[in-house]
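Only one structure is covered here, and it is reproduced in the block below.
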Amino acid sequence: MAYADICVLYGLETYSISSKQYRSLHFALNGCFRKIFGTKSAEVVQNCMQMFNHLPVQDFVAKRRDKFLLILLHQIIYYAVYITTVLHVN
């Protein structure tokens with residue numbers, strides 16, 4: 001995923017996003033691809049997205065959400081273990 005995508009989609013993994021908002025983000029990213037490649041064809045845009053391994057917005061956000069939740073879970077477990085060891089020491 002390009003740096004521009006990361007900037008536009010930064011933090012979305014922490015929010016609940018409606019299907020209308022996903023469509024808006026998809027529309028904006030399609031517009032970027034249309035300008036970059038100088039085309040109005042939806043088929044060309046889809047081919048370019050596939051060629052550059054560009055995930056659909058929903059898949060990208062879902063992947064980042066999974067990673068975010070996994071990191072959060074690891075942090076919760078770490079602090080739970082830390083607190084229990086501190087309480088047992090005292």
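Suppose we keep only residues that are among the acidic types (Asp, Glu) and under 19 Å from the mean Cα position of the chain (by Cα) within the stretch 31-90. Which one would you say is nearest to Thr14 (Cα to Cα)?
So the residue we want is Asp66.
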Hits in the stretch 41-90 - residues which are assigned to a loop (DSSP other than H, G, I, E, B) and over 19 Å from Ser19 (Cβ atoms)
Ser41, Phe52, Asn53, His54, Asn90
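Since every read-out is calculated from the coordinates, none of them should be taken as a lab result. Please read all numbers here as calculations on a predicted model, not as lab measurements. All Cβ positions, glycine included, derive from the backbone under ideal geometry; neighbour counts span all protein chains shown.
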